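The values are calculated or read from the model by the stated rules, or taken from the named source; none is laboratory data. What you see is a predicted model, and the numbers here were worked out from it, not measured in a lab. Heads up, the Cβs are rebuilt from the backbone with ideal geometry, glycines too, and the neighbour counts pull from every protein chain shown. Surface accessibility is based on the protein's heavy atoms, side chains included, excluding ligands, DNA and RNA. Shrake-Rupley method; radii C 1.70, N 1.55, O 1.52, S 1.80 Å.
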Amino acid sequence: MRVKLHHEGVNILIVTLIALLAVNVPLWLWGNSPVVAMVCTAVSAVFYLVVVNFFRSPKRVFPGDPHNAVVASADGKVVALEETVENEYLHAPAIQISVFMTIFNVHANWFPVDGEVVYTTHHKGRFQAAWLPKSSTENERSTVVIRTPGGQLVVVRQIAGAIARRIVTYAQPGIEASIEDHMGFIKFGSRVDIFVPVDSDIMVKLGDHTTGGVTQVARLNPSTANA
């Protein structure tokens with residue numbers, strides 16, 4: 001089966017391969033221990049496969065009705081699910097759904113809802129462990145706000161982690177968002193927060209594993225809309 005790689009990872013994969021070859025080839029050509037060469041090559045191969053898996057770019061199709069659906073933006077584990085106040089854009093109560101990605105997850109991020117992007121911004125910050133609650137407001141992060149066809153505002157926040165050092169956000173104000181499209185990418189260990197209206201029906205619980213672009217995490221109430 002052909003593996004499609006995300007364009008964000010092509011240069012990294014090439015550099016990593018060259019570096020691993022630079023380490024392993026001399027061990028086979030001039031090393032004194034075939035065992036050391038074999039072990040090093042095996043470790044290098046496993047490491048490279050992990051990096052390849054990280055930069056996979058799978059095509060995802062949401063199997064349900066996208067109308068009023070909120071879909072996971074990332075592969076990973078639900079680490080936060082609570083009512084809070086979203087103070088960057090909404091300045092109002094919202095339900096926060098946070099998914100943490102390990103280095104073993106695909107790190108492409110999908111739009112969680114269909115609609116129009118009305119706001120994007122990037123904040124410089126710290127690089128604390130992404131599963132910590134304060135990482136949502138203190139870490140390097142990008143925020144995207146989408147207005148759905150029903151008028152609801154959904155906030156998505158890409159958060160860098162202890163290892164991540166680059167957040168890529170493709171969303172720009174005025175573009176059309178689709179749950180089948182990539183919203184961005186975060187490199188090496190990170191988290192995505194989604195903030196939905198408090199009257200939304202939540203369809204996941206803490207500890208659940210999500211698949212970006214596929215797992216429905218909430219359903220919006222069609223009778224209410226943000227001002």
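For residues in the range 11-59 being touching a residue at least 40 places away in the same chain (Cβ under 8 Å) and part of a helix (DSSP H, G or I), which is nearest to residue 183 (Cα to Cα)?
Top of the filtered list is 54.
Starting from residues that are modelled with pLDDT of 95 or more and hydrophobic (A, V, I, L, M, F, W, C), keep the ones in the range 100-146 and report whichever is surrounded by the fewest Cβ atoms within 10 Å (Cβ to Cβ).
118
Restricting the search to the range 186-209, which residues are part of a loop (DSSP other than H, G, I, E, B), without any contact (Cβ under 8 Å) to a residue 60 or more places away in the chain and either open to solvent by less than 20 Å² (accessible area, probe 1.4 Å) or farther than 17 Å from residue 110 by Cβ (or both)?
Selection gives 199 alone.
Only one of (1) outside any loop (DSSP other than H, G, I, E, B); (2) at pLDDT below 95; (3) surrounded by 23 or more Cβ atoms within 10 Å (Cβ to Cβ) fails for residue 212. Which number is that?
(1)
Looking at the range 16-23, is at least one residue among the small types (Gly, Ala, Ser) and within 28 Å of residue 207 (Cβ to Cβ)?
No, because not a single residue in the range 16-23 is among the small types (Gly, Ala, Ser) and within 28 Å of residue 207 (Cβ to Cβ).
Scan the range 60-78 and report the pairs whose first residue is within 10 Å of residue 213 (Cβ to Cβ) and whose second residue is among the acidic types (Asp, Glu) and part of a loop (DSSP other than H, G, I, E, B), with Cβ atoms within less than 7 Å and a gap of 6+ or a chain change.
Close Cβ pairs satisfying both conditions: 60/180; 61/180; 62/180.
I'd like the full set of residues that are touching a strand residue (DSSP E or B) at 6+ places or on another chain (Cβ under 6 Å) and either outside any strand (DSSP E or B) or on the phi > 0 side of the Ramachandran plot (or both), limited to the range 91-113.
105, 106, 107, 111, 112, 113, listed by residue number.
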